[in-house]
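The structure under discussion appears below in the form of structure tokens.
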Amino acid sequence: MTDEVVTVDCATPSAEVAGLLARHSISGVPVMGEDDHVVRIVSASDLLSKHASTVGKMMSSPAVTVYAEQTVTEAARLMTRRGCERLPVVDDEERLVGMVTRRDLLGFFLRPDAEVELRIRDDVLSGVLRVQADAVQVHVLDGVVVLAGRLPHQDLIRTALALTSRTEGVVAVVNRISVQPDDTSSPRKPDAASWPT
């Protein structure tokens, strides 16, 4: 994370915010309230879409933040889930201590997709769950894993998803695994010739 963060408050004029973004080559700044608490993020797109004179007049929703002790993976998943480009980092008392951006997280997730895929196949599916090699297909793109195929029961699917999501380098998991139909569940009717007469 970056610990030298450019900030504004609710009374900061929009024009000043635009100047700060341009001067520091950044795309957004946290809006600070009392006691160094983050109340919102104002981005360049906010300035363009919400023509207001001050930051306070364009604020509409609370800031999405991450705690300093949370993992890089948790921060990346939060960004993906909430569609954020940047996250203010706060301490236990919700005070701003830094800022993390998608670019900051890239170093952690520069692990090749092929390596992540191999780990899921070998360590999770084959090593832990003893799943047959052709039962589940694994596709990875930019840390997003798609699992597709069939497994015997729902509990095994849930376990596969949970273990995959905890694999280092995984940002999100898309589940396309279905439960394999059990051919033995409906007994076969005897041939008519074998019925008693």
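We did not get these values from a lab; they are worked out from the coordinates using the rules stated. Since the model is a prediction, treat every value here as computed from it, not as a measurement. Cβ atoms come from the backbone with ideal geometry, glycine included; neighbour counts cover every protein chain shown.
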**Prompt:** Given 0.36 nm per residue, what is the gain on full extension from L118 to R102 after removing their alpha carbon distance, in nm?
**Reply:** 3.3 nm
**Prompt:** Between (1) 13.2; (2) 17.6; (3) 10.8, which matches mean projected area of the Cα convex hull in nm² calculated for the structure shown?
**Reply:** (2)
**Asked** Expressed as a whole number of Å, what is the distance separating the alpha-carbon centroids of region 146-177 and region 17-59?
**Response** 39
**Item:** Peptides ranked, highest mean first, by Cβ atoms within 10 Å: ranges 175-182, 76-83
**Value:** 76-83, 175-182
**Message:** Full-extension gain between D36 and R82, please, as 0.36 nm times their residue separation minus the C-alpha to C-alpha distance.
**Reply:** 14.3 nm
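Quantify how much of the Cα-Cα distance distribution of region 111-179 extends past 21 Å, in percent.
I get 11 percent for the Cα pairs in region 111-179 exceeding 21 Å.
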**Asked** In a GNM of the chain with a 10 Å cut-off on Cα contacts, which of I120, I41, I26 has the highest mean-square fluctuation?
**Response** I26
**Prompt:** In terms of modelled amide H atoms, which long-range or inter-chain residues lie less than 5 Å from the amide H of T7?
**Reply:** none
**Request:** For region 8-108, just the Cα atoms, rotate onto the principal axes and tell me the three extents in Å, largest first.
**Result:** 37, 28, 23
